[in-house]
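Participant: I'd like to ask some things about the structure below.
Every number here is computed from the coordinates shown, using simple stated rules; none is lab data. Nothing here was measured: the structure is a model prediction, and the numbers come from that model. As a convention, Cβ positions derive from the backbone with ideal geometry for all residues, glycine included, and neighbour counts pool all protein chains shown.
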């Protein structure tokens, strides 16, 4: 230090000195700001869509295939719950209160937010390399050995190795890709295919699926798949260190295991 | 303050100002092109407005899907209705001979039509689906006269923006914008599947708005009013539905 003349000090000297004194991890962002912001918007909207979706489901807890279906036709699936409508043959002797008004309004409003946020996320994902770098499995990921190792680790509920705090394993990558590129477009499409005016403008949106009731049934099944994803997602975060991973998704920073910052 | 943070601050301020100005221009344009629904207020207002504006931009003239006769539901589901009022029962006892549809408001020739008069007007049929907001649906053949035909007979004035329609049953009314009212599939319906329209499905006269959810197809219609100001009806939200928490625009 004594040999360094103040006049020769580079502009970033202060930063490089302090960087040496704290773990390097603090200066690398685990998740890009856009990923963190859109993640929490999605989380909030998913909660709203799930609650209101259940409320709407309660007014007709029956599912059909094809174009039409109602209380006079045989359902493919009847959820064994009471209904908020009198005429639905549920077998229960009572009718739940009708919450469809605000539920529908919030469902559509949250859906708009999800669609706009999803577009932003997709643009970022494609152009900033997020999908390619972070989500597309690498060549070695797709080998049988790597697959079986990842599945084995999951089945044994093994805490993931430290390097996984900085990237996704192959099962994670495939699960995220499935949600982003299959379930998300499917649930938006089947939602729109239930709309009488949207299907007037774009009839094939319903015809390709096999009808409006098929669209509604797939919408329901896709929501079940998303709930299953959420359960596994939270379970895995708990396994990897709930607060550490949650903090990484809020601040973008990863604190090494064993550091004082690890525990809340 | 460093140069960088000052530049960021100025750019940020400009972006916010541009955003606010953009929103203001968007709101004015939306109002001009009729993209704002009457129930645009409140926390769900933005969602309702997006639903309505999107469909008015992409589907203003789109036709509701029509189906082949083979897809007509064998049992058209009559949804639950309140017990008929005494006024309805009196008219029913007379075979609906005294049923009248009155039209007033922003029209040149206010009128009252009997069911026989309505049946004498050009007769149209459509095989379309009733989709309830609850999730169920059925397909039926609906026969009636186009609402546009009746409105043209009465002579709608140019500044008309909404058609408000009332059931004989109390507190049951709704409205549609003039585009939906003039749409070729919006019918005053008196027949279903080659018979008279059953009471359970809205007979003797039901408004049929096939591009919107079932609750816009109000049953037992006796009165139409053409208006340019929806604020004067009920709580000013466009229909009885928003007063109960449901969207005015149900084309979703």
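Participant: Looking only at B:34, B:105, B:19, which one moves most when chain B is put into a Gaussian network model with springs between Cα atoms under 10 Å?
Facilitator: B:19
Participant: Hey, another quick one. At 222 nm, what value in deg cm²/dmol follows for chain A if DSSP H runs of at least 4 each add -39500 (n - 2.57) and the sum is divided by all its residues, to the nearest 500?
Facilitator: -18000 deg cm²/dmol
Participant: Between residue A:116 and residue B:120, what FRET efficiency follows from the Cβ-Cβ distance if R0 is 56 Å, with the result rounded to 0.05?
Facilitator: 0.65
Participant: What's the FRET efficiency of residue B:85 with residue B:235 using the Cβ-Cβ distance as r and R₀ = 22 Å, to the nearest 0.05?
Facilitator: Here the calculated transfer efficiency is 0.45.
Participant: Could you give the length gained by full extension between residue B:33 and residue B:9, i.e. 0.36 nm per residue of separation minus their alpha carbon distance, to one decimal place?
Facilitator: Extending this stretch completely gives an extra 5.1 nm.
Participant: Right, something else. Would you calculate a helix-derived [θ] at 222 nm for chain B, using -39,500 (n - 2.57) for each DSSP H run of n ≥ 4 and dividing by the full residue count, to the nearest 500?
Facilitator: -9000 deg cm²/dmol
Participant: In nm, to one decimal, how far is the residue B:111 label point from the residue A:126 one, both placed 7 Å along Cα→Cβ?
Facilitator: Each label point is offset 7 Å from its Cα along the Cβ direction, giving 5.3 nm.
Participant: Sorted by mean Cβ packing within 10 Å, highest first, what order do the peptides A:210-221, A:40-51, A:87-98 take?
Facilitator: A:210-221, A:40-51, A:87-98
Participant: Could you work out, residue by residue across B:40-46, how many beta carbons of other chains sit within 10 Å of that residue's beta carbon, and then give the average as an integer? Walk me through the numbers before you get to the answer.
Facilitator: Numbers: counts 0, 0, 2, 4, 8, 2, 3.
Mean partner-chain Cβ count within 10 Å for B:40-46: 3.
Participant: Within region A:187-201, whose backbone N sits under 14 Å from a point 7 Å along Cα→Cβ of residue A:76?
Facilitator: A:190
Participant: Note the per residue figure in Å³ for the convex hull of the C-alpha positions in the protein assembly as shown.
Facilitator: 206
Participant: So if I restrict to the alpha-carbon atoms in chain A, what is the Rg, and what is Dmax, the biggest pairwise distance, in Å?
Facilitator: Every Cα atom of chain A included, Rg and Dmax give 24.2, 91 Å.
Participant: For peptide B:239-246, compute the average count of partner chain beta-carbon atoms within 10 Å of each residue's beta-carbon.
Facilitator: 3
Participant: Moving to a separate point now. Calculate the spin-label point distance for residue A:92 paired with residue A:156, positioning each point 7 Å from the Cα along the beta-carbon direction, and give it in nanometres.
Facilitator: Those two pseudo-labels are separated by 4.6 nm.
Participant: Among A:121, A:176, B:215, B:249, rank each residue by its count of other Cβ atoms within 10 Å, from fewest to most, as a rough exposure measure. Working shown, then result.
Facilitator: Details: A:121 22, A:176 16, B:215 19, B:249 27.
Listed from fewest to most nearby Cβ atoms, that is A:176, B:215, A:121, B:249.
Participant: Report the dimensions of chain B along its three principal axes from the alpha-carbon atoms, largest first, rounded to Å.
Facilitator: Taking the Cα atoms of chain B, the three principal extents are 86, 42, 32 Å.
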